[in-house]
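Some notes on the structure that comes next.
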Amino acid sequence: MRIVLIGQQDFGKAVLEAFLARGDKVAGVFCAPEKPGARADALKVAAQEKGVPVFQLQSLKSPEATAKMRELNADIGIMAFVLQFAPQDFVSIPKHGTIQYHPSLLPKYRGPSSINWPIIRGDTKTGLTIFRPTDGLDEGPIVLQKETAIAADDTLGTVYFDRLFPMGVKAMLEAADLVVAGKHKETVQDESHATYEGWCRKAEARLNWANHVDFIYNTIRGCNPAPGAWTTLGGQELQIFDARKHPVRTFSAVKGKIGEVVEVTDKSFQVSAQGGRIEVLRAKLGDGKKVTAAELLGAGQIKAGALLGT
């Protein structure tokens, strides 16, 4: 088939390579312009290396974008990790329209941080959706969905890189084949089950040690590796990445003050919270690098009795 790819970064690159590897024709690639000083977009670099025309436009709503899409005469448009708004008069140009990837089980978790939030909320499953883009945010008819479990110790990194990323590339190929062959079904999203979550950024990633240990642990998992759950230590920001949860059965079993480093070993340190402790294995203090807890302890930067979040 002859496709046009709209996307960016590593996921867009992987989708491009997957279509090319099986012999499809990629007529062109649309990707957002890089910010000043930023590294070249991975999708853009890959497309250029393979001789695929690249169009970096400030807006997909522009007459130029519409004209370029018409010139490319594609069978189908493929949207792989797109942050630019793509209007209907743009996505409807290909012969079989356009399909878009979203890393959640729509209509749940519409929005830009749809992988973080199911983990933070303690969900036990998530997935991906291939759908028809509309002018609403992640609201179009569903073409294909795939589920995956969220294990108790999964992180944003494991859920995305180990599963949703490779599953998403395969699902885009599968959905494109179904649509072009006219064998797909489109299911309207049930608005009664729709949820929207905004960005999971620094403000949302701050840890409150007075919260229950389950919620603290889920926040750490859902923000690892980005944006990185964080607290403070002696006026410096302490980002926590790899960690373990140690719940307790009774209130009397919780030792120390909330947010206190109550136990230190040669490999980790444990922080008291409501209902248990968080054992920190990897962290980043201030302007330092992300290191093991053992390195922070060895440098004397973390000590028993320290209070976090004050």
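The values are calculated or read from the model by the stated rules, or taken from the named source; none is laboratory data. Predicted, not measured: the structure shown is a model, and the values here were computed from it. Neighbour counts are summed over all protein chains in view; Cβ atoms, including those assigned to glycine, are modelled from backbone coordinates with ideal geometry. The area values use the complete protein model at the heavy-atom level, side chains included, leaving out ligands, DNA and RNA. Shrake-Rupley method; radii C 1.70, N 1.55, O 1.52, S 1.80 Å.
Relative to the longest principal axis of the Cα atoms of the chain, the long axis of helix 9-21 lies at roughly 40 degrees. Against the longest alpha carbon principal axis of the chain, how many degrees, from 0 to 90 and to the nearest 10, is the axis of helix 165-181 turned? Tilt relative to the chain: about 20 degrees. Principal-axis analysis of the Cα atoms of the chain puts helix 63-72 at an angle of about 70° to the longest axis.
Would you mind getting the accessible area per residue of the chain, heavy atoms of the protein chains only, 1.4 Å probe, in Å²? Walk me through the numbers before you get to the answer.
Values: 14700 Å² over 310 residues.
For the chain, the solvent-accessible area averages 47 Å² per residue.
Can you tally the net charge around Trp230? Count Lys and Arg as +1, Asp and Glu as -1, for every other residue whose Cβ sits under 10 Å from the Cβ of Trp230.
Working: positive: Lys202, Arg206, Lys284; negative: Glu237.
Every neighbour counted, the sum reads +2.
May I ask you to give the percent of accessible area on region 1-80 that is carbon plus sulfur, with a probe radius of 1.4 Å? Before the final figure, lay out the partial values.
Numbers: 1720 of 3780 Å².
Result for region 1-80: 45 percent of the exposed heavy-atom area is carbon or sulfur.
Lys50 sits among other residues whose Cβ lies under 13 Å from its own Cβ, and their net charge, with Lys and Arg +1 and Asp and Glu -1, is 0.
Using unit Cβ charges (K, R positive; D, E negative) and no other charged atoms, how large, in debye to the nearest 20, is the dipole of the chain about its Cα centre? The partial results should precede the final answer.
Working: 38 positive and 34 negative charges, 83 e Å.
In debye, rounded to 20, the chain gives about 400.
Peptides 135-146, 52-63, 72-83, 88-99 ranked from most to least packed, by the mean per-residue count of other Cβ atoms within 10 Å: 72-83, 88-99, 135-146, 52-63.
With N set to the number of residues, divide the alpha-carbon radius of gyration of the chain by 2.2 N^0.38 Å and report two decimals.
Details: Rg = 22.5 Å, N = 310, 2.2 N^0.38 = 19.5 Å.
Relative to the rule-of-thumb radius for its length, the chain sits at 1.16.
Leaving out ligands, DNA and RNA, and with a 1.4 Å probe, what % of the accessible surface on region 137-196 is carbon or sulfur?
Ligands and nucleic acids excluded, carbon and sulfur give 57 percent.
For region 164-261, the residue among Ala205, Ile258, Gly182 whose Cα projects farthest onto the positive side of the dipole built from Cβ charges is Ile258. Maximal additional length on extending the His246-Thr66 stretch stands at 59.3 nm, based on 0.36 nm per residue less the C-alpha distance.
Tell me the net charge near Ala176. Cut-off is 10 Å between Cβ atoms, Ala176 excluded, with +1 for each Lys or Arg and -1 for each Asp or Glu. Please list the in-between numbers first.
On the way: positive: none; negative: Asp24, Asp75, Glu174, Asp177.
The answer is -4.
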